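Q: Dropping a structure here in structure tokens format, bear with me for questions.
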Amino acid sequence: MATAIPCGNTVVTGLRPRLLSSLNTNKWRISQARVSTEIGALSFSSSSIFPQKLTHLLFNSWSPKIPYHHLARRLIVKAARDYYSILGVSKNASKSDIKSAYRKLARNYHPDVNKEAGAEQKFKEISEAYKVLSDDEKRSIYDRYGKDGFKGSTMDMGDFSNPFDLFSSLFDMDIRNRGARNMAADGEDLICNLVLTFKEAVFGVEKEIDVSRLDNCTTCDGSGAKPGTKAYTCTTCGGQGQVVSSSRTPLGVFQQVMTCSACSGTGETFTPCNKCGGDGRERKSKKISLKVPAGVDSGSRLRVRSEGNAGKRGGAPGDLFVVIEVIPDPVLKRDDTNILYTCKISYIDAILGTTVKVPTVDGSADLKIPAGVQPGTTLVMSKKGVPLLNKGKMRGDQLVRVQVEIPRQLSDEERRLVEELANLKKTKTLNGSRR
């Protein structure tokens, strides 16, 4: 039921039912003292809307259904920690003090170092605080309005979803700044092909190969500078070897570190050598003796250390990788460490047995064919295969598959003899069945 309450010349209706309705919801979390203060603030002795007596009447006649001591238990006030207290610095701290405090705390609470529970959350809070306080504009807004100053603004506090990027960028930048000048670069690796015969791949061989590669320039001795000239600090990057580009977005300020294009990351500029054009290297041809081990196959790759392109500014040379290509043998086939061969014999030799000459990687060898051998039988010639790579004393086998040849045509004499043999076989079969 709505209640009409006279307030001077104005009648306020429906006030008490609203207060009672709001009281019955679970969203009510304020104390009676605060309600009294806020309502009292509306009442003045000269007010025609809320006279003091009416205010007192409204407040005292308002009887909450929930006891006060229960409300006190439900009242939870949680204040967010101040960014300055998170970093342990004063509000007058300089940017260097803030940076120093962040570095110290970030090292202590980084999850890779600190395995205690809550360390990662603490690390995220530290990163969030540093991102705001290290930016002059964001810090000014925060000092005046706190975190609420960023709500509804085009400038956000930043993306704190990955605080590890901030940690890496800060510490990596310091490392780059200390070691950018005269930065060495390792030489590139080279790849070349080497063709071997079947037996060379099986037993190994020593080859001499001709490689075209970049070697230190003999004129400037690898420095890249014209002899008699001096190097100067790069004016583009100030000798750091990197340049930083910043861009402001609705998500914050993004910085990107790039290698200085003016000095190629060395931090110095100089008059280039006339012979190598400033690269410090020139192309040369070199003969390299290569020992190929026994047991290599097509696709095998050999590594020759420090025989690739020379490094820049004292960097280590690259390596040379030699890819093996083996010419197939027309007779012998390779299956890993085994060698395959097909031996053809006549049906007479299959019946009676024989000894045949078989080609192997070691030369021709005798192979005994047992009597009554069946077509497709595989005979093993032990240790006539390929040596195991880097284990020269261990070898595979040569597997000989027996193929029995049946003649398509017979002479009259051969036919007569075969028929006699067949009749003899039939006679033995009949005699055996009668018994």
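The values are calculated or read from the model by the stated rules, or taken from the named source; none is laboratory data. Please read all numbers here as calculations on a predicted model, not as lab measurements. Cβ sites come from the backbone with ideal geometry, for glycine too, and all protein chains shown count toward neighbours. What goes into the accessible areas is simple: the full protein's heavy atoms, side chains included, and nothing from ligands, DNA or RNA. Shrake-Rupley method; radii C 1.70, N 1.55, O 1.52, S 1.80 Å.
Q: Restricting to the stretch 252-280, give me the number of residues that are of a type outside the set (Ser, Thr, Tyr), more than 27 Å from the chain's Cα centre (by Cα) and in a loop (DSSP other than H, G, I, E, B). Before you say what the answer is, go through the steps one by one.
A: Start the filter on the stretch 252-280 by keeping residues that are of a type outside the set (Ser, Thr, Tyr), which leaves 252-258, 260, 262-263, 265, 267-268, 270, 272-280.
Applying the additional criterion that residues be more than 27 Å from the chain's Cα centre (by Cα) yields 252, 262-263, 267-268, 270, 272-280.
From what's left, in a loop (DSSP other than H, G, I, E, B): 262-263, 267, 270, 273-280.
Residues flagged as of a type outside the set (Ser, Thr, Tyr), more than 27 Å from the chain's Cα centre (by Cα) and in a loop (DSSP other than H, G, I, E, B) within the stretch 252-280 amount to 12.
Q: Test of understanding: among Asp210, Asp189, Asp148, Asp172, which residue is surrounded by fewer than 14 Cβ atoms within 10 Å (Cβ to Cβ) and modelled with pLDDT of 80 or more?
A: Details: Asp189 fails: surrounded by fewer than 14 Cβ atoms within 10 Å (Cβ to Cβ); Asp148 fails: modelled with pLDDT of 80 or more; Asp172 fails: modelled with pLDDT of 80 or more.
Of Asp210, Asp189, Asp148, Asp172, the one residue that is surrounded by fewer than 14 Cβ atoms within 10 Å (Cβ to Cβ) and modelled with pLDDT of 80 or more is Asp210.
Q: Now, a different point. Any residue in the stretch 328-357 that's under 13 Å from Val404 (Cα atoms) and touching a residue at least 24 places away in the same chain (Cβ under 8 Å): show its pairings with residues that are assigned to a loop (DSSP other than H, G, I, E, B) and open to solvent by less than 70 Å² (accessible area, probe 1.4 Å) at Cβ separation under 6 Å, as long as the two are six or more apart or on different chains.
A: Ala350/Val373
Q: Please name all residue pairs, on different chains or six or more residues apart, with Cβ atoms under 9 Å, provided the first residue is in the stretch 200-222 and is on the phi > 0 side of the Ramachandran plot and the second residue is crowded, with 16+ Cβ neighbours inside 10 Å and polar (S, T, N, Q).
A: Gly222/Asn216
Q: Could you tell me whether any residue of the stretch 194-202 is of a type in the set (Gly, Ala, Ser) and over 30 Å from Asn390 (Cα atoms)? First the steps, then the outcome.
A: Kept after step one, since they are of a type in the set (Gly, Ala, Ser), are these residues of the stretch 194-202: 201.
Among the residues that remain, those that are also over 30 Å from Asn390 (Cα atoms) are: none.
No; the residues of the stretch 194-202 include none that is of a type in the set (Gly, Ala, Ser) and over 30 Å from Asn390 (Cα atoms).
Q: Taking the stated definitions as given, is Thr342 in a strand (DSSP E or B), within 30 Å of Glu414 (Cα to Cα) and open to solvent by 70 Å² or more (accessible area, probe 1.4 Å)? Can you show your working first?
A: Details: in a strand (DSSP E or B): yes; within 30 Å of Glu414 (Cα to Cα): yes; open to solvent by 70 Å² or more (accessible area, probe 1.4 Å): no.
Taking the combined requirement at face value, the residue does not satisfy it.
Q: Are any residues in the stretch 358-388 farther than 10 Å from Val400 by Cβ and among the basic types (Lys, Arg), and if so, which ones?
A: Lys368, Lys383
Q: Something else about it: Quick check: anything in the stretch 117-124 among the charged types (D, E, K, R), open to solvent by 30 Å² or more (accessible area, probe 1.4 Å), in contact with a Phe, Trp or Tyr (Cβ under 7 Å, 6 or more places away or on another chain) and modelled with pLDDT of 85 or more?
A: So far as the stretch 117-124 goes, yes, one or more of its residues are among the charged types (D, E, K, R), open to solvent by 30 Å² or more (accessible area, probe 1.4 Å), in contact with a Phe, Trp or Tyr (Cβ under 7 Å, 6 or more places away or on another chain) and modelled with pLDDT of 85 or more.
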